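Colleague: To start, I am sharing the structure in question, which I have written as structure tokens.
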Amino acid sequence: MGIHQVNTVRAVFLDRDGVLNRNVFNPRTGEFESPGKSEDFELFPWVLESLRQLQKAGYLLFLVSNQPNYAKGKSTLDELEGVHAALSESLDHAGIAFTGFYYCYHHPQGIVPSHSGACECRKPSPYFLRKAAEDFGVSLFDSWMVGDRASDIQCGNAAGVRTIRVLEDHPAMRADGEPLPTLQANDLSHAVSLILAATADPPES
């Protein structure tokens, strides 16, 4: 491993829904959404091994996720905590440690006054990435953001990290003019292979 890498704190920032776990079809809205209850939470089968590879390569892992269901009146905070607990339990059993979990529970058009309106933390704001850089000494220049939505890419681009957009796990239309990621991948497993290839030490001459 090169000297620059030894002295650099690198991180991978991960969106949750659609990257780590499946989105859930909501028949009331006709849309695929984040799970509102723990029993709806399901990791993709390749996720734990993918995270294990990043951890082994020395990356700090951070979750950065917009979770507006409480603000929109679709879930209680206890139910959202239950979904997070299901994720934490899976990670703990696999021996995978995240350095931080960053959730934004706000929404500009929410119906719960305390969680509605503008906020500084909702993606595409780079607030949480910059907070991780300040709190944990992360070099954003040497880090990555992986997500499945334009807001994830816009967030990563604004923070100065490299970005990977994975394919949506549900039928989705992408709007014209969406921000371009550094790379594109089929899923997290593919994204991890791209990250490891891009940051591998060059062969010694």
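The values are calculated or read from the model by the stated rules, or taken from the named source; none is laboratory data. Predicted model, so just to flag it, every value in this text is computed and none were measured. Cβ atoms come from the backbone with ideal geometry, glycine included; neighbour counts cover every protein chain shown.
Colleague: Could you identify the single residue in Pro171, Pro181, Pro124 that is touching a Pro at 6+ places or on another chain (Cβ under 9 Å) and closer than 25 Å to Arg22 by Cβ?
Modeller: Checking each option against the conditions leaves just Pro124.
Colleague: So which residues in the stretch 11-64 are hydrophobic (A, V, I, L, M, F, W, C), crowded, with 16+ Cβ neighbours inside 10 Å and part of a strand (DSSP E or B)?
Modeller: Selection gives Ala11, Val12, Phe13, Leu14, Val24, Phe32, Leu43, Leu60, Leu61, Phe62, Leu63, Val64.
Colleague: Can I ask one more? Identify the residue in the stretch 112-122 that is more than 19 Å from the chain's Cα centre (by Cα) and loosely packed, with under 15 Cβ neighbours inside 10 Å and, among all such residues, is farthest from Thr99 (Cα to Cα).
Modeller: Pro113
Colleague: Taking the conditions exactly as written (part of a loop (DSSP other than H, G, I, E, B), surrounded by 22 or more Cβ atoms within 10 Å (Cβ to Cβ) and in contact (Cβ under 8 Å) with a residue 12 or more places away in the chain), does Ala97 satisfy them or not?
Modeller: Here the answer is no, as Ala97 does not meet what is asked.
Colleague: Continuing with the same structure: Condition first: free of Cβ contacts under 8 Å to residues at least 60 places away in the same chain, touching a Ser or Thr at 6+ places or on another chain (Cβ under 7 Å) and not in a helix (DSSP H, G or I). Now tell me which residues in the stretch 142-181 satisfy that.
Modeller: Arg162, Thr163, Ile164, Pro181
Colleague: Which residue out of Val64, Val12, Val83 is touching a Leu at 6+ places or on another chain (Cβ under 6 Å) and modelled with pLDDT of 95 or more?
Modeller: Going through Val64, Val12, Val83 in turn, the sole match is Val12.
Colleague: Right, Ser125: touching a residue at least 12 places away in the same chain (Cβ under 8 Å), crowded, with 17+ Cβ neighbours inside 10 Å, on the phi < 0 side of the Ramachandran plot and part of a strand (DSSP E or B) or not?
Modeller: So Ser125 fails the test.
Colleague: Let me ask you something else. Select from the stretch 159-192 the residues that are out of contact with any helix residue (DSSP H, G or I) (no Cβ under 6 Å at 6 or more places or on another chain) and more than 27 Å from Val24 (Cβ to Cβ) and write down the one among them that is surrounded by the most Cβ atoms within 10 Å (Cβ to Cβ).
Modeller: Arg162
Colleague: Right, Ser50: modelled with pLDDT of 95 or more and among the polar types (S, T, N, Q) or not?
Modeller: Judged against the criteria, Ser50 is a match.
Colleague: Which condition number in (1) more than 23 Å from Phe25 (Cα to Cα); (2) surrounded by fewer than 20 Cβ atoms within 10 Å (Cβ to Cβ) is the one that Ser151 fails?
Modeller: The number of the failed condition is (1).
Colleague: May I pose another question? Given (1) farther than 26 Å from Leu194 by Cβ; (2) of a type in the set (A, V, I, L, M); (3) in a helix (DSSP H, G or I), where does Leu91 come up short, assuming only one miss?
Modeller: It is condition (1) that Leu91 fails.
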